[in-house]
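Peer 1: Below are the C-alpha cells for one structure; questions will follow.
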Amino acid sequence: MTSDIELLRAAADYAIEYAASIDARDAAPTPDAIEQLAALDGPLPDRPTDPGEAIALLADIGGPATMGSTGPDYYGFVNGATLPVALGASMLVNAWDQNAALPVMSPVAAKVHDVTRRWLTELLGLPSVSEVAFVTGATVANASCLAAARDALLLDVGWDAQRDGLFGAPAITVVIGDKAHSTLRKSLGLIGLGRERVTIMPADDQGRMRTDLLPDPDSLDGPVLVCAQAGEVNTGAFDRFETLADWVGQHGNAWLHVDGAFGLWALADPTRTELVDGLTRADSLATDAHKWLNVTYDCGIAFVTRPGALRRTFAAVAGYLPPDEGFEAMHHTPQSSQRARQIEVWAVLRTLGRSGVAELVQRACDCAVAIAEQLRSDGFEILNDVVLNQVLVRYRDPETTERLITEIQRDGRIWCGPTKWNGSTAMRISVSSWKTDLDNARHAAEVIIACADALA
Ligand SMILES: *Cc1c(COP(=O)(O)O)cnc(C)c1O
C-alpha cells in the first residue's frame, strides 16, 4: 500500500508535470488517448485497492485525455486557463478543505473573503458597499443576483416572495436582450420568473440591446428587471449601460442586472473605459473568475450593490440578521456548505495587482485583434467588431466554415469551435488564457489558414 505521504507527493508531482508540459501538447487529445479512457471503467471494486493505483491511473489515462485548455492554444467557448498561482492556491485550499459557510468554520476563509471583496470592488470600481458572493459560476451568479432583484422589487410593492412564494405575486416585467446568454434564461427559469415570460429587446448587428426601442419608463406599471450584458458571448459587445441605468433610474422601481461572465473584467482595463461606460451603475453584476481571471473551476462571483439584498434572499433563517462577526457565506449564497473559492481569487489579485489584471485583459484583446487582422487579410470574413477577446469568423459560407472547424479540431494544434450567429454557423475564437501571447496568436491564425488551404 502506498503511504499517505507518498500518495500525496505522487499526486502533486503528476499535477506539476502536467502543468509543466502543457505547452508541448496539442490543444486536443488524440483519438487514441480518448479510447484509452476505457481503462478507468470496469466493475466497482468489491474491496479496497491501493490508492496509488487510482492516482496513477488518473495521471496516466486521464491526463492525456484532457483538453489542453490550460495551455496557450485553446480558443474554445470562453473557457480560461489556470494561472500557476491559482493552481498552487487551489492545492492548499484542497488540503485545508475548509467549509467557508460561516466564519466560525473557517477564520481564514472569512478573512480572505473580506479582503477579496474589498479588492474586487476597488479593482472594478464598484460601490464600496457592494456585497460579493462566490458561487459555482456565472449561471449561478446570475441566478443569485436575479433572485435578490426579484425579492427586492417585490418587497417594494409589498410582497414578501421568500415567505409567500410567487403564486399571486405582482408581476415583474423582465427585459432581456435578444442576444442574452442562453444560461441567463436558465437562471430566470430557475428562480421562477420564467425563461419565456420576458420582453425581448431586439439586438443591433453586434448583439447589443437596441436601447432606442425601450418603451417610455413611465408607461410601464409595476416593477421592472432589466438584464443587460457586458460581453456578448460571440462578439464581446457591451450593452449601453449609461442609457440603461438612466432608464432604470427614471422608472423608480426597476433593477439593472448585468451578465458580465467574462466581460466584467474589462472594468480593470483603463484603456477600455468607453466600453464600460455606466456599467458600475448596475444594481447587480455577475462574473466568472474561472474564465478570464484564470482560476480553476468552479468560481463565479455575484456582486449586489444594494446592501442587505443578498441576505434577504439567501438567509437560511427568515428575517435573519447576522451577528456582527464577519461575512456569513451560507446566508448570502444558494449554498450552505461551500468551498473557499475566494482564496484562489485572492492569490491571483495579490500576485497580479491592478496593473497585472489590466495586462491580462489587454494581452488577450491584443491577441484577438491580431488573429482577426491576419485572418481578414487572408480573405476570411470577420463578423464582429473586435472590441474585446472574441473573434467571430466565417470562411466563405456557413457550410465551408463548418468543414473548416472540423478540420481544425482534427488537426488538434489549436482548438476552436462553432457557434450560431444570426441563425447560421460561424467559428468563434475566444482568447481567454493568460498564456496566449502574440506569437501564439500568429500561430493560431497560421494553423487556421493552413486548415482552410487543406480543404481545397
Ligand atoms: C459562460 C457564460 C455564462 C455562464 O457561465 P458559467 O460559468 O458557465 O455558469 C453566462 N453568461 C455569459 C455571457 C457567459 O459567457
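The values are calculated or read from the model by the stated rules, or taken from the named source; none is laboratory data. Not measured: the values here are computed from a predicted model. Here the Cβ positions follow ideal geometry from the backbone for every residue, glycine too, while neighbour counts run over all protein chains shown.
Peer 1: For residue 333, are the conditions met, namely being within 14 Å of the ligand (Cβ to nearest atom), assigned to a loop (DSSP other than H, G, I, E, B) and either over 11 Å from the mean Cα position of the chain (by Cα) or surrounded by fewer than 24 Cβ atoms within 10 Å (Cβ to Cβ) (or both)?
Peer 2: It is false that residue 333 is within 14 Å of the ligand (Cβ to nearest atom), assigned to a loop (DSSP other than H, G, I, E, B) and either over 11 Å from the mean Cα position of the chain (by Cα) or surrounded by fewer than 24 Cβ atoms within 10 Å (Cβ to Cβ) (or both).
Peer 1: If you don't mind, there's one more thing I want to ask. I'd like to know if the stretch 310-326 contains one or more residues that are of a type in the set (Lys, Arg), part of a helix (DSSP H, G or I) and surrounded by 15 or more Cβ atoms within 10 Å (Cβ to Cβ).
Peer 2: Taking every residue of the stretch 310-326 in turn, at least one turns out to be of a type in the set (Lys, Arg), part of a helix (DSSP H, G or I) and surrounded by 15 or more Cβ atoms within 10 Å (Cβ to Cβ).
Peer 1: What number of residues in the stretch 107-126 are in a loop (DSSP other than H, G, I, E, B) and of a type in the set (A, V, I, L, M, F, W, C)?
Peer 2: So the count comes out to 1.
Peer 1: Another question, then. Can you say whether residue 256 is within 12 Å of the ligand (Cβ to nearest atom), crowded, with 24+ Cβ neighbours inside 10 Å and not in a loop (DSSP other than H, G, I, E, B), as far as the supplied structure shows?
Peer 2: For residue 256, the condition - within 12 Å of the ligand (Cβ to nearest atom), crowded, with 24+ Cβ neighbours inside 10 Å and not in a loop (DSSP other than H, G, I, E, B) - is not met.
Peer 1: Restricting to the stretch 175-218, name every residue that is under 30 Å from residue 319 (Cα atoms), more than 16 Å from the ligand (Cβ to nearest atom) and not in a loop (DSSP other than H, G, I, E, B).
Peer 2: The one that is under 30 Å from residue 319 (Cα atoms), more than 16 Å from the ligand (Cβ to nearest atom) and not in a loop (DSSP other than H, G, I, E, B): 175.
Peer 1: Take the stretch 70-87 and flag every residue that is among the polar types (S, T, N, Q) and more than 13 Å from the ligand (Cβ to nearest atom).
Peer 2: 70, 82
Peer 1: Something else about it: Does the stretch 397-406 include one or more residues that are surrounded by fewer than 23 Cβ atoms within 10 Å (Cβ to Cβ) and under 17 Å from residue 266 (Cβ atoms)?
Peer 2: No, the stretch 397-406 contains no residue that is surrounded by fewer than 23 Cβ atoms within 10 Å (Cβ to Cβ) and under 17 Å from residue 266 (Cβ atoms).
Peer 1: Checking the conditions here, which among 236, 222 is part of a loop (DSSP other than H, G, I, E, B), away from the ligand (no atom under 16 Å from the Cβ) and either small (Gly, Ala, Ser) or in the same structural domain as residue 161 (by TED's automatic domain parsing) (or both)?
Peer 2: 222
Peer 1: Just to verify a result, which residue in the stretch 271-296, among those that are in contact (Cβ under 8 Å) with a residue 24 or more places away in the chain and surrounded by fewer than 19 Cβ atoms within 10 Å (Cβ to Cβ), is farthest from the ligand (Cβ to nearest atom)?
Peer 2: Applying the filter and picking the extreme gives 271.
Peer 1: Let me confirm something: among 129, 104, which residue is away from the ligand (no atom under 16 Å from the Cβ), part of a helix (DSSP H, G or I) and over 24 Å from residue 356 (Cβ atoms)?
Peer 2: Result: 104 is the single residue among 129, 104 that is away from the ligand (no atom under 16 Å from the Cβ), part of a helix (DSSP H, G or I) and over 24 Å from residue 356 (Cβ atoms).
Peer 1: Among the residues of the stretch 365-377, are any of a type in the set (Lys, Arg), in contact with a strand residue (DSSP E or B) (Cβ under 9 Å, 6 or more places away or on another chain) and within 24 Å of residue 29 (Cα to Cα)?
Peer 2: no
Peer 1: State whether one or more residues within the stretch 229-240 are in contact with a strand residue (DSSP E or B) (Cβ under 7 Å, 6 or more places away or on another chain), surrounded by fewer than 24 Cβ atoms within 10 Å (Cβ to Cβ) and not hydroxyl-bearing (Ser, Thr, Tyr).
Peer 2: Yes: the stretch 229-240 contains one or more residues that are in contact with a strand residue (DSSP E or B) (Cβ under 7 Å, 6 or more places away or on another chain), surrounded by fewer than 24 Cβ atoms within 10 Å (Cβ to Cβ) and not hydroxyl-bearing (Ser, Thr, Tyr).
Peer 1: For residues in the stretch 54-96 being free of Cβ contacts under 8 Å to residues at least 24 places away in the same chain and not aliphatic (A, V, I, L, M), which is farthest from residue 44 (Cα to Cα)?
Peer 2: Restricting to residues being free of Cβ contacts under 8 Å to residues at least 24 places away in the same chain and not aliphatic (A, V, I, L, M), the top hit is 94.
Peer 1: I'm trying to understand the selection: among the residues of the stretch 48-91, which are within 22 Å of residue 34 (Cβ to Cβ) and of a type in the set (Gly, Ala, Ser)?
Peer 2: 54, 56, 59, 62, 63, 65, 68, 69, 71, 76, 81
Peer 1: For residue 182, work out the one condition from (1) exposed (fewer than 14 other Cβ atoms within 10 Å of the Cβ); (2) under 20 Å from residue 242 (Cα atoms) it doesn't fulfil.
Peer 2: (2)
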